[in-house]
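**Student:** Attaching a single structure in structure tokens format; questions to follow.
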């Protein structure tokens, strides 16, 4: 398992299940380094599932991170899916008209 951990967030990628688990805060201060590390962790995967169950706080920057990861996956011809999106993040996606655009799983 590959990981990136700071005080504010943690990323854990399991190459066997191809699941990237994000924990902690997805906010303006954490998103830039999180995006960089997530792209590195996901480079070798052809199918990606991102589990957001352990996200404790998010703002519009967190939603922007998901969109950037979608672009990264689509540019590399990878399949991507998000699961367990927090209610707060779903509300932002809904208010932005992006809820139907995001590939959401269970």
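**Student:** Would a scan of region 33-46 turn up a residue that is in contact with a strand residue (DSSP E or B) (Cβ under 7 Å, 6 or more places away or on another chain), assigned to a strand (DSSP E or B), crowded, with 21+ Cβ neighbours inside 10 Å and on the phi < 0 side of the Ramachandran plot?
**Tutor:** For region 33-46, residues in contact with a strand residue (DSSP E or B) (Cβ under 7 Å, 6 or more places away or on another chain), assigned to a strand (DSSP E or B), crowded, with 21+ Cβ neighbours inside 10 Å and on the phi < 0 side of the Ramachandran plot: absent.
**Student:** Hey, another quick one. Quick check on this structure: which one of 73, 91 is at pLDDT 90 or above and either crowded, with 17+ Cβ neighbours inside 10 Å or more than 19 Å from residue 39 (Cβ to Cβ) (or both)? Even if it seems obvious, please write down each step before you answer.
**Tutor:** Values: 73 fails: at pLDDT 90 or above.
Just a single option satisfies the conditions, and that option is 91.
**Student:** Moving on. Out of (1) without any contact (Cβ under 8 Å) to a residue 12 or more places away in the chain; (2) surrounded by 12 or more Cβ atoms within 10 Å (Cβ to Cβ); (3) in a loop (DSSP other than H, G, I, E, B), what's the single condition that is false for residue 12?
**Tutor:** For residue 12, the exception is condition (3).
**Student:** Consider residue 53 against the criteria (1) within 22 Å of residue 96 (Cβ to Cβ); (2) buried (at least 21 other Cβ atoms within 10 Å of the Cβ): it satisfies all of them except one. Which criterion is unmet?
**Tutor:** Residue 53 satisfies every listed condition except (2).
The values are calculated or read from the model by the stated rules, or taken from the named source; none is laboratory data. Worth saying up front: this structure is predicted, and the values here are computed from it rather than measured. Positions of Cβ are backbone-derived with ideal geometry, glycine not excepted, and every protein chain shown enters the neighbour counts.
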